[in-house]
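All remarks here apply to the structure that follows.
The values are calculated or read from the model by the stated rules, or taken from the named source; none is laboratory data. What you see is a predicted model, and the numbers here were worked out from it, not measured in a lab. FYI the Cβ positions are ideal-geometry reconstructions off the backbone, even for glycines, and counts take in every protein chain you see.
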Amino acid sequence: MTGRLQDKVVIITGATSGIGEATARRFAAEGARLVLAGRSVDKGEALARELGGETVFQRTDVMRETDIAALVDKAVERFGRLDCLFNNAGAGERSSVESVTEEQFAEVMQLLVGSVVFGMKHAARVMKPQGGGSIINNSSIAAHRINQGGYLYSGAKAAVSHLTRLAGAELGPHGIRVNAISPGAIATPIFWGGSARANTLSDEENRQKFEKLQRNLAHATPTPRAGLADDIANAAVFLASDEAGYVNCHDLVVDGGRIAMFNEKA
């Protein structure tokens, strides 16, 4: 690797599986000092040990502002600053106009929107005095097209994409860039029930499901392969790096061209 993030202090939420784990590995390879956040202590601490002494883990429930505030404080306490926050934590859901419940609405919005709102809030309070930083929010092509996710999920991701623009406009004068990544259909365990479901299956069962998913997703875009977590990690490296110093309020779609070929009747 080239050290594109050498000595940058980065928080990654949802860091113990899927896109978050892939990004943690990629950032570490590029020289970042990492604070990993998630709910699985065993997986988080194991990943931190594997990535080395410049990586720490903090158990974090991103649905609680107090946990998010403590996470940002942990980065400053350990490394003295915060250069990048990747608001990655989230989960899929299936709902419809007529099926949605009050409880479901509150949970999805707190997880997918609240975590981003309060992540940006607490990152900004540290980044402004130090003169800048980069915030990356994980959105989705479901923010841009119908039939790409559940009813509430899609609405929440649309909010994330627009909040990104609003925050970037407000924080840009302080040297803080705020951008989003909108992944397409990325091959991760979210397609067969998320990391919790994957943890109940054997390695061989997960491998078989992953290979089947890759084959299916390879037919879903003009690019003849499935999207991988590493594809999103690569985009995040760019947005976190100094190479993206003039990129702000942008939503970077990483979907192999799915949006271009999308048929809303499909």
Where a residue in the range 81-94 is aliphatic (A, V, I, L, M) and its partner, wherever it lies, is at pLDDT 95 or above and assigned to a loop (DSSP other than H, G, I, E, B), with Cβ under 6 Å and at least six apart: A89/T13; A89/G14; A89/V62
Scanning the range 104-148 for residues that are buried (at least 24 other Cβ atoms within 10 Å of the Cβ) and β-branched (V, I, T) gives V116, I135, I136
Condition first: surrounded by fewer than 23 Cβ atoms within 10 Å (Cβ to Cβ) and charged (D, E, K, R). Now tell me which residues in the range 169-188 satisfy that. E170
Considering only the range 214-227, how many residues are aliphatic (A, V, I, L, M) and either in contact with a Phe, Trp or Tyr (Cβ under 6 Å, 6 or more places away or on another chain) or in a helix (DSSP H, G or I) (or both)? 1
Specify the residue that is surrounded by the most Cβ atoms within 10 Å (Cβ to Cβ); the eligible residues are those in the range 228-254 that are in contact with a strand residue (DSSP E or B) (Cβ under 7 Å, 6 or more places away or on another chain), in a loop (DSSP other than H, G, I, E, B) and at pLDDT 95 or above. N248
Please report, ordered by residue number, the strands (runs of 3 or more DSSP E) entirely within the range 45-147 with at least 3 residues that are touching a Pro at 6+ places or on another chain (Cβ under 9 Å) and within 22 Å of Q6 (Cα to Cα). none
Single unsatisfied condition, G53 versus (1) more than 30 Å from A142 (Cα to Cα); (2) surrounded by 23 or more Cβ atoms within 10 Å (Cβ to Cβ); (3) small (G, A, S): (2)
